[in-house]
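Participant: Quick one: this structure, given as structure tokens, is what I'll be asking you about.
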Amino acid sequence: MARELQAVGVDVGKVWNYAPPPTHRNPLRISTPNDPSGFVEWAYHVAPTVPVIDSELKISRMVLDPSIANGPITPHQWKALQGQPLSELVQTNAAPYYRATNGRVAATPTDDQVIKIFDDHRTEREVNWRGKNG
């Protein structure tokens, strides 16, 4: 999403939400009808942020995450939706594709690599869905 927004001239940032350790006991969790379990869990989640001007002409960064919200929300509202009050929010510019909890940033993949990553995620999701539905 960040790349697509940048391509049309939007000043994009990112917000990262990290579950507290041990993440297998304290995951971020969202209810959704799009998984047979009725929820999904993550050790971390990331979404783009964009500047929004309010009625008092104050600029704030708002999160765009159609996977969990129907419109722009504040980073703290976004965190609250993920059900883990002890999680940690970190805001960055749009550059990091992957940012570990220790701040390490992985190399940014090419467009072709991103397509493969998303294809792999879709395949895993489909296998997960079939497995849970018998």
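Participant: Within the stretch 48-65, restricting attention to residues that are modelled with pLDDT of 95 or more and among the β-branched types (Val, Ile, Thr), which residue is farthest from the chain's Cα centre (by Cα)?
Facilitator: Filtering first and then ranking leaves Val50.
Participant: Restricting to the stretch 83-93, name every residue that is under 13 Å from Lys14 (Cβ atoms) and surrounded by 15 or more Cβ atoms within 10 Å (Cβ to Cβ).
Facilitator: From the stretch 83-93, those under 13 Å from Lys14 (Cβ atoms) are 89-93; that's our starting set.
Passing the criteria: Val90, Thr92.
Participant: Residues of the stretch 21-65 being in contact (Cβ under 8 Å) with a residue 40 or more places away in the chain, among the charged types (D, E, K, R) and out of contact with any Gly (no Cβ under 7 Å at 6 or more places or on another chain), which ones?
Facilitator: The one that is in contact (Cβ under 8 Å) with a residue 40 or more places away in the chain, among the charged types (D, E, K, R) and out of contact with any Gly (no Cβ under 7 Å at 6 or more places or on another chain): Asp35.
Participant: Can you tell me which residue within the stretch 90-111, out of those that are outside any helix (DSSP H, G or I) and among the charged types (D, E, K, R), is nearest to Val50 (Cα to Cα)?
Facilitator: Our first condition is that a residue be outside any helix (DSSP H, G or I); within the stretch 90-111, this holds for 90-110.
Cutting the leftovers down to among the charged types (D, E, K, R) gives us 99, 104.
Values: Arg99: 19, Arg104: 23 Å.
The qualifying residue nearest to Val50 (Cα to Cα) is Arg99.
Participant: Is it true that Ala80 is loosely packed, with under 13 Cβ neighbours inside 10 Å and closer than 18 Å to Ala47 by Cβ? Quick ask: steps written out before the conclusion?
Facilitator: On the way: loosely packed, with under 13 Cβ neighbours inside 10 Å: no; closer than 18 Å to Ala47 by Cβ: yes.
Spelling it out, it is not the case that Ala80 is loosely packed, with under 13 Cβ neighbours inside 10 Å and closer than 18 Å to Ala47 by Cβ.
Participant: While we're here: For residues in the stretch 1-37 being part of a strand (DSSP E or B) and touching a Ser or Thr at 6+ places or on another chain (Cβ under 8 Å), which is nearest to Ile59 (Cα to Cα)? Talk me through it step by step, then tell me what you get.
Facilitator: Looking only at the stretch 1-37, we keep the residues that are part of a strand (DSSP E or B), and these are 13-18, 28-31.
Those still in the list that are touching a Ser or Thr at 6+ places or on another chain (Cβ under 8 Å) too: 13-18, 28, 30.
Values: Gly13: 14, Lys14: 16, Val15: 16, Trp16: 20, Asn17: 22, Tyr18: 25, Leu28: 28, Ile30: 28 Å.
Checked the stretch 1-37; the qualifying residue nearest to Ile59 (Cα to Cα) is Gly13.
Participant: Look through Pro96, Pro109 and report the one residue that is more than 25 Å from Trp129 (Cα to Cα), surrounded by fewer than 15 Cβ atoms within 10 Å (Cβ to Cβ) and modelled with pLDDT under 90. Before you say what the answer is, go through the steps one by one.
Facilitator: Details: Pro96 fails: surrounded by fewer than 15 Cβ atoms within 10 Å (Cβ to Cβ).
Criteria check complete, one pass: Pro109.
Participant: Sort out which residues of the stretch 112-134 are touching a residue at least 12 places away in the same chain (Cβ under 8 Å) and either in a strand (DSSP E or B) or loosely packed, with under 10 Cβ neighbours inside 10 Å (or both), and write them in order of number.
Facilitator: Asn133
The values are calculated or read from the model by the stated rules, or taken from the named source; none is laboratory data. Every value quoted in this text rests on a predicted model; they were computed, and no experiment measured them. Using ideal geometry, Cβ is built from the backbone for each residue, glycine included, and neighbour counts are taken over all protein chains shown.
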